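The values are calculated or read from the model by the stated rules, or taken from the named source; none is laboratory data. Predicted model only: the values in this text are computed from it and were never measured. Please note: Cβ atoms are built from the backbone with ideal geometry, for glycine as well, and neighbour counts cover all protein chains shown.
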Amino acid sequence: MRLLALALSMFLATAADAQALGPDELVKKVTTDVLESIKSDKQLQAGDRRKALAMAEQKILPHVDFREATLLAMGKSWYTATPAQQAQVVNEFRSMLVRIYSNAIDVYRGQTLKVLPLRLPAGATDVTVRNQYLREGRPPVPVEYSMRKTPEGWKIYDIAVEGVSLVLTYRAEFEQITRTSGVEGLIKRLQAKNA
């Protein structure tokens, strides 16, 4: 019982710490933690996908707003979906993004991070945190995190790498599928991709 209480208090402390961090501080903390984990874990360095998936679930995904990301990816189609369909699309899109994030972990091996200065106006609830991934002998790779303030703290709803939005990349595809096959067709397509 004491161990359970200790684990619960550690989880609540971590959640409280995440709520207290500004968006740039959160990105820096999470990204630094991921890069350090990659650097110190031989299985991650060897490309162990299961381990990368577990790390993404633990360290990255609690800071992602999958509902907002899905809404952006679906565009107008979001509003034609029933609440149950919306929940299904969010779950399937989350599964797809989890695979993308866990596969991308390998790409950042051997890189360092530079978070660029953020001007955060008082009361801001939507910001873009810009940073660069640096690797010796190569130009910096710009990455932007679009974030929104929620009751649980700052959450990422989109990531743009070298100016290309991960979420908006899917909008044209999702709109085409929903135009021809409806929201159920989109759900089936995502389920097939995740299978």
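A count restricted to region 22-37 and to residues that are under 23 Å from residue 94 (Cβ atoms), surrounded by fewer than 18 Cβ atoms within 10 Å (Cβ to Cβ) and not polar (S, T, N, Q) stands at 2.
Cβ-Cβ distances below 6 Å connect the following pairs, each with a first residue in region 158-183 that is closer than 30 Å to residue 132 by Cα, a second residue that is part of a strand (DSSP E or B) and among the polar types (S, T, N, Q), and a separation of six or more residues or different chains: 158/146; 158/165.
Applying the set (1) of a type in the set (A, V, I, L, M); (2) modelled with pLDDT of 95 or more; (3) over 30 Å from residue 176 (Cα atoms) to residue 10 leaves exactly one unmet item: (2). Residue 90 fulfils the conditions (1) closer than 19 Å to residue 30 by Cβ; (2) part of a helix (DSSP H, G or I); (3) touching a Phe, Trp or Tyr at 6+ places or on another chain (Cβ under 6 Å) except for a single criterion, (1). Residue 128 passes every criterion in (1) surrounded by 16 or more Cβ atoms within 10 Å (Cβ to Cβ); (2) modelled with pLDDT of 90 or more; (3) of a type outside the set (A, V, I, L, M, F, W, C); (4) not in a helix (DSSP H, G or I) apart from (1). The single condition from (1) in a helix (DSSP H, G or I); (2) in contact (Cβ under 8 Å) with a residue 40 or more places away in the chain; (3) of a type in the set (A, V, I, L, M); (4) surrounded by 14 or more Cβ atoms within 10 Å (Cβ to Cβ) that residue 71 fails is (2).
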